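Just so it is clear, none of the values below were taken in a lab; they were calculated from the coordinates. What you see is a predicted model, and the numbers here were worked out from it, not measured in a lab. Cβ sites come from the backbone with ideal geometry, for glycine too, and all protein chains shown count toward neighbours.
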Amino acid sequence: MILSVVLLGILTALPNFLSESQRAALPAVMPTDTLNLGLDLQGGVHLLWGAQTEDVVTSRLNNISDQIRDIRRTEKGLNFRNIRIDGDAVKFEVTSDDMIDPAREKLRPLTTSTAGGVNPLVGGGVQEMILTHEGMHFSLTLTEQGIAVQKREAIARAMEVMRKRVDPDGTKEITLQPQGGDRIILEVPGADDPEAIKNLIGKTAQLTFHDVVTNLSQDDISKGRLRSRQKVLPVKGGGSMVISERVIVSGDDLTDAKAAFDQNGRPAVAFSFNTAGSRRFANHTRSNVGRPFAIVLDEQIISAPTIQVPILGGSGQITGAGSVAETQELATLLKAGALPVKLTVLAERTVGPDLGADSIEAGSRAAIIGFVGVIIYMILSYGKFGIAANIALMTNLVLIVGALSFLQATLTLPGIAGIVLTIGMAVDANVLIFERIREEQAAGRKPFQAMEQGYGQAFSTIMDANITTFIAAAVLYLLGTGPVQGFAVTLAIGILTSMFTAVVFARFLLSTWLKRVRPTTLPI
Amino acid sequence: MLLRLVPENTTIKFLAMRKVALVFSVLLIIASLGLFALEGLNLGIDFKGGITLEVGMEDQPVPLAKIRSTVGDLGLGDVSIKEFGSDREALIRIERQPGNDAAQSVAMTNVRTALTEAIPDIHFRQGNIIGPVVSGELARDGALAVTIAVLAVLIYIWFRFEWQFGLGAVIALVHDVLLTVGFFAITRLEFNLTIIAALLTIVGYSLNDTVVVYDRVRENIRKFRKKPMEEVLDLSLNQTLSRTVMTSLTTLLALFALFFFGGEVIRGFTAAMIWGVFVGTYSSVFIASPMLLFFNVRAESLLLEDEKDDPTVDKSKLTPFD
């Protein structure tokens, strides 16, 4: 039993000491997981992003308003006016009494959302909105639950978009992890340019196609005499244009985007729409031949080509986005999709690969020196008993490495410090026991009794002492972040394994020796 | 002959020194608090927000003067530049930039660009930006972590011993934490997130020591019911002295190895820990134990429970020796 635990530890720790090819050659039943090195040891970029989740509520309300307008357009005999956003609600009025009941009927489906249903197996959605009306005054109010679901969804979608943008080929082993309600941690091992990553993610990449408003004079524009649902946007390269806010088709409908060149050899992004997008784009271009449309990226008009012929195939090109490198970036961004929330960097940590290697080297050197020091000291102090404690200590190290590999816990530089500290503190249990045995022997007990008393009496002390340290480690783990958590994990594992090796394993070694040699006094 | 740093059967009168120790500790605590109030701590960017950038050169000393003038020209406010570990590496610290989180990123980009232009051979070993939002939270979480750990421990010891023991242990812990804060105020070592980890480890370690002594005190109270409390405490301290010294030394051995060979990044952490081992060992002997006398622990309260029912005293024979 005792030996099997030790064996298991050796087995799980083993892959760390083998080369890549040796690991690959191991039989399938053998564990092959190695230690998971933290960013501070292998180098890389760690970014903590804050998401402006309030935007999600606004955009959801805008979306609901659009749906209400769609109902007004498609349903005969229903007319709404004064559609507006007020706090967490969309409000409007029906134009006559007899529309109240049919309106309620038509609006009810909007109140539940299948998106982000807490449990997809149960089906049905969550109650996203509450529909109320006072006479002809209607309001659709987002529920707390609805807001929470929207935010959670937005974070999940943002993480997916981030992954596609930073690691389009899925080869970089990046880590994405939500933190709290509105934070995302992104770790890119091996990267050394945080700016490139920040550029890639800092952009929303919201692509939309709009109709260009051409029947306004310059005078109207400069005096801001716009009709509702029209707005002025800057044009890339200078100037501005008025567009209709209604979205013809958006980046959400893209199925593909890649960098290409147009017929004149200028860099361009070639794209294709899905079926729904293709149909809408075809409808618009068919009825607007000869008119310009605006390609808008993040509130800036990239270009506004004139429709020469109806575009029915659902694919096209965007020119005017800039250089080859810029079109390549845009293609990646468009393919990954738009970020549902705006993200800003709250904290950044970059570790160069050479610092990581230096840290590993320094950490291992300190571990070896500390280890050798403790071993010599234990032998000097306790002789044969010290040797048993040292064997236990070595086993302990192997068990820690094995447990860390098995749990796939992340080893950080403070984590190495935790291991070194464990080396110093792990012998404490043995010291407690050995001192007790000395006392018992000095009190005149025979070797067997002295050993048994020593272990028995010291046990409760060891328990109390280790539980209190364990409490500190647990608090550290729960409240700490990143490297500090790494330290807490190794400290906690170290406490558990040292209890086993010092109390159980060393005792096993000593009692085996005692039974064979049967000395008249213990050499301690 | 085996090495014995502490002779057998010592009879040091620890408790007789309790008044001197108490005055000594109170003075140190007052000094620590005063220094903390006047000078504050040398807070790292974890708690203050700001930017650090560690730079290095391949095989020549880092041109500190050139870095200083280059970064100084950018007008980023308070900037400190110093060697880090060796003369091949330097650490640049820049105060938190006015404005939001994005302003910090912009400053970092400017520094990197300017340095690459001025010193083409320079490479960036490590860069950190902590924005204003996160730094406040980290400071709050750190303080919270230490408080929760101390409270959790108070509850555990109360539950395992008696309230006097719990209170005594916690007073010793607060003593250790305050003196460590004082240590950081006087040495001007950077106080950052890893130091919070060190503080919690010191809490764990000091407690470990205190619990070992308390355990022996409880045992001796039960064994020698008629003995005066002062004698019982002295006896317990002397009995555990050899272990106390032994464990402190093995831990210090490991810590000094880390301090001298573990690299610059964790030097602050190990310095705190080394200090903590000394303070923690001292407080277990001279603060935690006299507190029991002070709070008037009586033998009766411990004798009420039947010793034979104590579940943590291992009376089973795991591996019979005979």
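List of remarks:
- In this rough spin-label picture, where each label sits 7 Å from Cα along the Cβ direction, the A:R229-B:A103 distance is 4.1 nm.
- Among B:M17, A:M499, a tally of other beta-carbon atoms within 10 Å of each Cβ gives an order, fewest to most, of B:M17, A:M499.
- Principal-axis tilt of helix B:18-39 within chain B, Cα atoms, nearest 10 degrees: 20 degrees
- Each stretch of four or more DSSP H residues adds -39500 (n - 2.57); spread over every residue of chain B, this sum gives -21000 deg cm²/dmol at 222 nm.
- Of all DSSP beta bridges confined to chain B, the antiparallel ones make up roughly 90%.
- Two-site label geometry, A:I376 and A:I221: point separation in nm, points 7 Å out along Cα→Cβ: 8.3 nm
- Each label point was placed 7 Å from the Cα along the Cα-to-Cβ direction; for A:E326 and A:S364 their separation is 4.8 nm.
- The alpha carbon centroids of the stretch A:203-235 and the stretch B:145-177 are separated by 67 Å.
- Pairs with C-alpha atoms separated by more than 18 Å, drawn from the list A:K164/A:K335; A:K151/A:K342; A:K258/A:K335; A:K203/B:K48; A:K151/A:K231; A:K164/A:K342, are A:K203/B:K48; A:K151/A:K231.
- In the protein assembly as shown, the inverse of the mean reciprocal separation of distinct Cα atoms equals 31.8 Å; this is its Kirkwood hydrodynamic radius.
- Temperature 20 °C, viscosity 1.002 mPa s: under these conditions the Stokes-Einstein estimate for chain B, based on its Kirkwood radius over C-alpha pairs, is 94 µm² per second.
- Low-density loop positions, trypsin sites (Lys or Arg not before Pro), the stretch A:71-112 - DSSP coil, at most 11 other Cβ in 10 Å: A:K76
- FRET efficiency for B:A114 and A:D354, using Cβ-Cβ distance with R0 set to 22 Å, rounded to 0.05: 0.50
- Loop-resident sites, the stretch B:169-243, for chymotrypsin sites (Phe, Trp or Tyr not before Pro), counting at most 14 other Cβ within 10 Å (DSSP): B:F224
- Cα-based helix-to-principal-axis angle, B:267-283 vs chain B, degrees rounded to 10: 20 degrees
- Extension gain, A:R279 to A:D70: 0.36 nm times the residue separation minus the Cα-Cα distance gives 73.5 nm.
- Between B:R4 and B:M57, the contour length at 0.36 nm per residue exceeds the Cα-Cα span by 14.2 nm.
- Calculated Rg and Dmax of the stretch B:50-130 using C-alpha coordinates, Å: 11.8, 38
- Within the protein assembly as shown, antiparallel bridges make up roughly 95 percent of the DSSP beta bridges whose residues both belong there.
- Kirkwood Rh, angstrom, the stretch B:39-187 [1 / mean 1/r, Cα pairs]: 18.1 Å
- Size descriptor, Kirkwood hydrodynamic radius, that averages inverse alpha-carbon separations across the stretch A:54-150, Å: 13.8 Å
- For the pair A:E245 and B:I155, a Förster radius of 51 Å applied to the C-beta separation gives a FRET efficiency near 0.25, rounded to the nearest 0.05.
- Within chain B, longest stretch free of exposed GluC sites (Glu not before Pro) [DSSP loop, at most 15 other beta carbons within 10 Å]: B:59-304
- Kyte-Doolittle at least 0.0, axis length at least 24 Å by Cα - qualifying DSSP helices, chain A: A:353-407, A:413-442, A:447-479, A:482-499
- Potential lengthening of the chain between B:S69 and B:F36 amounts to 8.6 nm, from the contour at 0.36 nm per residue minus the alpha-carbon distance.
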